[in-house]
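Asker: My questions all concern the structure below.
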Amino acid sequence: MKSFIRTTGQHPRRAAALGAATAGVLLLAACAGGGTPTPSGSTGPETEVDTSFVVGTILPQTGNLAFLGPPEFAGVDLAAADLEAAGFEFEVDVQHRDSGDTTTDIATASAGELIGAGADIVIGAASSGVSFTFIDQLIDAGVVQISPANTSPDFSDYEDDGFYWRTAPSDVMQGRVLGNLMTGDGAASVGFITINDPYGTGLQENAAAAVEAAGGTVTGNVLYNPGDTNFTTQVQEIVAGQPDAIAIIAFAETAQIVPELVTQGFPASGMYFVDGNLSNDYNFPEGTLDGAKGTLPGNPADGSFQDRLLEQDDSLQDFSYGPESYDAVILAALAAAQGGSADSATIRDNLQAVSAEGTECTDVAECLQLIADGEDIDYNGPSGPITFDENGDPTEAFIGIYQYGADNKYTFLNAEFGTLNG
């Protein structure tokens with residue numbers, strides 16, 4: 001059946017643990033996941049197939065990561081359009097909601113609304129700290145969550161009953177690349193200005209470990225809290241250590257941190273950014289960021305994919321996590337197709353299988369046809385190869401490295417590819 005897309009305003013994984021509780025999990029998903037679920041691969045007469053693929057989003061329209069929202073929303077909408085064009089067998093219903101940031105309770109309210117609307121999957125949040133505010137709501141309701149941008153290592157061993165996944169790699173990998181980038185550029189000593197939340201502290205710890213493993217010295221790490229507006233004290237403290245490089249692990253507060261660094265005489269060439277603040281939207285005087293570098297998980301969106309995202313939102317300035325958002329929706333849809341039903345439990349039980357150890361495919365229609373032909377598939381999307389492990393983490397990924405020019409815009413330098421299991 002041809003799918004109908006409605007957008008409103010706004011492998012079996014852990015098989016051993018799930019097997020004994022299948023009936024209870026399916027009942028829970030039936031109450032909250034968009035319809036009566038069907039066990040993976042089962043469409044018998046005593047089960048009802050969920051034919052509505054309800055995709056909710058909890059992504060930043062407001063808050064200190066609002067600049068990441070537009071490409072993520074565009075990625076979700078593009079995936080929905082591609083599913084329709086490919087003749088996806090289930091009705092696609094996209095419902096967008098705001099995540100705000102950790103200073104608000106917008107995300108928890110959005111989660112409640114989407115559970116009530118029968119969401120089968122929720123894409124989001126962008127911020128690891130925000131995801132921690134509603135992850136338990138979705139687990140308790142039996143709704144699959146796939147974040148395109150959460151990188152905190154704390155999610156890897158979170159007790160999620162198999163309902164939490166992400167298409168962005170853990171900061172174990174980004175931290176390694178960031179630390180090696182700074183020392184590889186000649187920094188013998190490094191300081192950190194870090195947002196005090198799971199994302200910031202986790203990334204800082206991994207980057208600091210990489211700096212020290214490379215023979216460098218960490219001169220200090222000053223924390224700030226989300227919503228802080230004055231950074232004079234933090235900057236004075238970190239500059240006093242005379243580091244060769246300073247990693248700014250921050251969100252929108254970077255707009256206040258950078259001018260303070262400039263005022264205190266620290267050069268842009270020694271500043272290093274991360275995915276939480278690598279943006280083209282800063283309103284700084286020309287040359288402020290000239291020479292600064294940054295890291296961003298994921299394969300850079302190529303020109304043709306950027307053009308396709310621009311068809312969804314022609315005002316896009318950044319494309320960060322657009323590919324990961326697209327792939328999150330497509331992977332969930334392929335899991336539903338393989339399992340024969342669009343409910344949360346079926347999607348959960350097939351997500352790992354469609355990401356690994358099958359016939360490789362990249363085109364949505366091609367992947368769906370392979371599934372219809374009874375083949376096991378291995379989907380690789382615009383964000384790169386995605387092979388989920390038993391924790392719902394990608395086992396391999398790219399980390400892009402970027403550099404700012406005199407116009408305060410960043411351009412791609414190169415990407416580091418690595419694995420996360422050994």
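The values are calculated or read from the model by the stated rules, or taken from the named source; none is laboratory data. What you see is a predicted model; the values in this text were computed from it and never measured. Counting neighbours? That spans all protein chains shown, and the Cβs are built from the backbone with ideal geometry, glycine included. Protein only, heavy atoms only, side chains kept; ligands, DNA and RNA dropped before computing areas. Shrake-Rupley method; radii C 1.70, N 1.55, O 1.52, S 1.80 Å.
Asker: Whose amide H sits under 5 Å from the amide H of residue 166, counting only residues 5 or more places off or on another chain, with H placed in the peptide plane?
Answerer: It is 147, by chain and number.
Asker: Oh, and also: Return the percentage of antiparallel bridges among DSSP beta bridges fully within the chain, rounded to the nearest 5 %.
Answerer: Of those bridges, close to 30 percent are antiparallel.
Asker: Still on this structure, I have one more. Once phi is turned into θ = phi - 60°, what whole-Hz ³J(HN,Hα) does the Karplus curve with 6.51, -1.76 and 1.60 give for every residue of the range 88-103, x standing for Gly and Pro?
Answerer: 3, 6, 9, 6, 9, 10, 9, 10, 8, 9, 8, 9, x, 9, 6, 8
Asker: A further question follows. Quick check: residue separation of residue 311 and residue 256 times 0.36 nm, minus the Cα distance between them. What number comes out in nm?
Answerer: Stretched out fully, the residue 311 to residue 256 stretch lengthens by 16.5 nm.
Asker: Can you give me the Cα centroid spacing of the range 194-250 and the range 347-422 in angstrom?
Answerer: 30 Å
Asker: Here's another thing I want to ask about it. What Kirkwood radius, in Å to one decimal, follows from the Cα pairs of the chain?
Answerer: Here the Kirkwood hydrodynamic radius works out to 21.6 Å.
Asker: I need the fraction of alpha carbon pairs in the range 100-182 separated by more than 22 Å, rounded to a whole percent.
Answerer: 25 percent
Asker: What is the spin-label model distance, in nm, from residue 159 to residue 419 if the labels are put 7 Å beyond Cα along the C-beta direction?
Answerer: 3.2 nm
Asker: Residue by residue through the range 292-297, what is 3J(HN,Hα) from phi via Karplus (6.51 cos²θ - 1.76 cosθ + 1.60, θ = phi - 60°)? Round to whole Hz and write x for glycine and proline.
Answerer: Each residue of the range 292-297 in turn: 5, 10, x, 10, 8, x Hz.
Asker: Moving to a separate point now. So for the range 214-264, what percent of the C-alpha to C-alpha distances run longer than 15 Å?
Answerer: Considering the range 214-264, 43 percent of its Cα-Cα pairs are separated by more than 15 Å.
Asker: Quick check on the range 138-245: what are the equivalent-ellipsoid semi-axes from the Cα gyration tensor, as sqrt(5λ), descending, whole Å?
Answerer: Semi-axes, largest first: 31, 18, 9 Å.
Asker: Quick one: putting +1 on the C-beta of Lys and Arg, -1 on the C-beta of Asp and Glu, what dipole do you get for the chain around its Cα centre, in Debye to the nearest 20?
Answerer: I would put it at about 600 debye.
Asker: Between residue 230 and residue 359, with labels modelled 7 Å along Cα→Cβ, what's the label distance in nm to one decimal, could you check?
Answerer: The answer from the label model is 6.5 nm.
Asker: Counting only residues 5 or more places away or on other chains, whose amide H sits under 5 Å from the amide H of residue 291 once H atoms are built in the peptide plane?
Answerer: The answer is 404, 405.
Asker: So, one more: Just to be sure I understand: if I project the alpha-carbon convex hull of the range 379-422 onto a plane and average over all orientations, what area do I get in nm²?
Answerer: Seen from a random direction, the Cα hull of the range 379-422 projects 4.1 nm² on average.
Asker: Right, here's the next one. Where nothing but the Cβ of Lys and Arg (+1) and of Asp and Glu (-1) is charged, how large is the charge dipole of the range 129-281 around its Cα centre, in debye to the nearest 20?
Answerer: 480 debye
Asker: Find, to one decimal place in angstroms, the Kirkwood hydrodynamic radius of the range 40-140, where the mean of 1/r is taken over every pair of different Cα atoms and then inverted.
Answerer: After inverting the mean inverse Cα-Cα distance, the result is 14.5 Å.
Asker: Another question about this same structure. With every protein chain kept in place and ligands, DNA and RNA left out, what is the accessible area per residue of the chain? Probe 1.4 Å, answer in Å².
Answerer: Using a 1.4 Å probe on heavy atoms only, each residue of the chain averages 35 Å².
Asker: Further, regarding this structure: Which value, in Å² rounded to 10, gives the accessible area of residue 409 with a 1.4 Å probe and all protein chains present?
Answerer: Approximately 80 Å² of residue 409 is accessible to the 1.4 Å probe.
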